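Working notes, structure below.
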Amino acid sequence: MSAETLHADGLATPAGGVDPRGLRFAAGITALLLLLDVLLGLTGLSTAQAADGTWLIAQASIAERVADPAFLLLLVTALLFLWGVLSPRTAPWGVLYRKAVQPRLAPPAELEDPRPPRFAQGVGLFVVAIGLVLQIAGVPWALPIAAGAAFVAAFLNAAFGLCLGCQLYLLLQRIGLVGRRRPLAA
């Protein structure tokens with residue numbers, strides 16, 4: 001029988017929950033990367049116009065679109081999101097938190113179910129991937145808008161502990177599209 005924590009809503013948290021402070025730490029670093037990416041996107045190829053009012057991104061080659069610093073930083077961020085989905089225990093910000101920050105703190109009051117944050121990483125990956133694809137397709141403003149949307153979500157998590165992707169996971173779980181409800185033990 002696996003160890004689980006039962007909550008008032010009847011859902012069980014699998015053993016091996018995650019420290020929510022580590023999730024907020026990682027969201028803070030991610031928010032900083034995304035804010036830098038928004039700034040790069042606003043001053044780069046994605047939003048630049050020629051003297052005749054045409055978008056430079058539409059005239060740029062695919063290689064030039066990919067070489068844009070905003071694109072490269074968002075690609076790195078997408079890879080970090082992917083890492084968080086595939087192997088959250090080895091993702092860099094989580095490892096940094098566990099090795100450098102967590103030993104200096106008291107144990108967490110409670111652990112969090114790892115499934116919603118992992119889903120949230122997937123949502124972040126989806127959002128930034130849209131920005132990357134649209135940048136390659138030559139769509140103006142797509143990259144800084146995607147980076148900005150991801151920044152808002154990461155900032156809300158880091159600053160206020162509000163994980164939008166986790167809330168989406170819980171909503172989808174309630175309507176039966178993700179996760180499995182576990183019955184209360186008798």
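Taken together, the values in this text are just the output of simple stated rules run on the coordinates, not laboratory data. These numbers were taken from a predicted model, which means no experiment stands behind them. Every residue, glycine among them, receives a Cβ derived from its backbone with ideal geometry; neighbour counts consider all protein chains shown.
As a rough footprinting exposure proxy, the listed residues Leu42, Leu86 were ranked by other beta carbons within 10 Å of their own, and the order from fewest upward is Leu86, Leu42. The share of C-alpha pairs in the chain whose separation exceeds 27 Å stands at 37 percent. First obtain the Kirkwood hydrodynamic radius of the stretch 117-179 from its Cα pairs, then insert it into the Stokes-Einstein equation at 4 °C and 1.567 mPa s, and state the resulting D in µm² per second as a whole number. It diffuses with D of about 104 µm²/s by this estimate. Listed from fewest to most Cβ neighbours within 10 Å, the set Phe155, Phe81, Phe126 follows the order Phe126, Phe155, Phe81.
Taken over the C-alpha atoms, the stretch 45-103 has Rg and Dmax values of 17.8, 58 angstrom. Counted over all Cα-Cα pairs of the stretch 79-165, pairs farther apart than 23 Å make up 30 percent. Take every Cα pair under 8 Å whose residues are at least 6 apart in sequence, average their separation, divide by the length of the chain, and the relative contact order is 33 percent.
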